[in-house]
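Q: For reference, the structure I am asking about is given below.
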Amino acid sequence: MNAYKFLRADGTGVFTRFAWPLPGDTPGAWVQTEPDPCRSGIHACRVRDLPYWAGRVLYEIELDGPVVEHKTKVVAPRGRLLRRIDGWDDDFRAAFTRHCADRAHELARAGGIERWEEVIEPSIPEGPALLSFVAARIAEEAAGVEAYHAERSRQAGWIADRLRLV
Amino acid sequence: MAEHEHISCQEVVELVNDYLDKGLEPETASLFEQHVNFCDGCDWYLDQMRTTISTVGRVTEEEVPPEMRDKLMTAFREWKRS
């Protein structure tokens, strides 16, 4: 299956610091590990997982072998990067951050949770991962855990629509 | 832990050793990483812990000067008595 993977700006894994073989005109080399969620294996995002892991650069990745479906990720024994998602750039990250901030204000006002208002704007420099979390947390505080997931799903839809991800 | 959708900075501090030892349940490890992904402070803390473990792991007992070893042993015994 094909999925998506965020990396650091230097092409290394966000948590492992593994230097991924990057794609050029052709896909990057295959990387193989033993799959074990959050311990080893090739970790990647389905479209619905993207807001949870928003990072610096985004790639489409081909996964091979048995894929383990996790709540907010998928894990496989083999993977290779197919292409960079060029649309996920600094401008897009800023636009998504702003969208999440606006949504956070809206949710805070609607839920009568004014204390969150003080958190939202100062958090913007931290980027999309934090602002998307803040918006989802406000939704949760206003309407429960289902609202948290609904907000995350809404964020994923916003990203997918604009980057044409499936 | 799995019934929560997120963890706090304090929980990151409490869980960091288990995370680095790969001892967390997958769901908890995932929440840990999600937090570190958006929290610069915890990302820095995790980096510091990795660096510390890596550095300390390279020091053999023979490399510790005798006087330093005595000081450490004394401090450790006093800490255990307190």
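Q: Which one of these is in a helix (DSSP H, G or I) and either away from chain B (no Cβ under 13 Å) or surrounded by fewer than 18 Cβ atoms within 10 Å (Cβ to Cβ) (or both): A:17, A:48?
A: Numbers: A:17 fails: in a helix (DSSP H, G or I).
Answer to the selection: A:48.
Q: Here's another thing I want to ask about it. Of the conditions (1) farther than 19 Å from residue A:53 by Cα; (2) more than 8 Å from chain A (Cβ to nearest Cβ), residue B:47 fails just one. Which one is it?
A: (1)
Q: For the range A:49-75: of the residues being over 17 Å from the mean Cα position of the chain (by Cα) and modelled with pLDDT under 95, which is nearest to residue A:119 (Cα to Cα)?
A: Result: A:68.
Q: Consider residue B:18 against the criteria (1) touching a Ser or Thr at 6+ places or on another chain (Cβ under 9 Å); (2) crowded, with 16+ Cβ neighbours inside 10 Å; (3) away from chain A (no Cβ under 11 Å): it satisfies all of them except one. Which criterion is unmet?
A: Tallying (1) touching a Ser or Thr at 6+ places or on another chain (Cβ under 9 Å); (2) crowded, with 16+ Cβ neighbours inside 10 Å; (3) away from chain A (no Cβ under 11 Å), residue B:18 fails exactly one: (2).
Q: When the residues of the range A:135-147 are filtered to those that are within 9 Å of chain B (Cβ to nearest Cβ) and either surrounded by fewer than 18 Cβ atoms within 10 Å (Cβ to Cβ) or within 15 Å of the chain's Cα centre (by Cα) (or both), which remaining residue is farthest from residue A:47 (Cα to Cα)?
A: A:145
Q: Oh, and also: Pick from A:82, A:107: which is over 17 Å from the mean Cα position of the chain (by Cα), at pLDDT 95 or above, surrounded by fewer than 21 Cβ atoms within 10 Å (Cβ to Cβ) and not β-branched (Val, Ile, Thr)?
A: Numbers: A:107 fails: surrounded by fewer than 21 Cβ atoms within 10 Å (Cβ to Cβ).
Result: A:82 is the single residue among A:82, A:107 that is over 17 Å from the mean Cα position of the chain (by Cα), at pLDDT 95 or above, surrounded by fewer than 21 Cβ atoms within 10 Å (Cβ to Cβ) and not β-branched (Val, Ile, Thr).
The values are calculated or read from the model by the stated rules, or taken from the named source; none is laboratory data. Predicted model only: the values in this text are computed from it and were never measured. Virtual Cβ from ideal backbone geometry, glycine too; neighbours counted across all protein chains shown.
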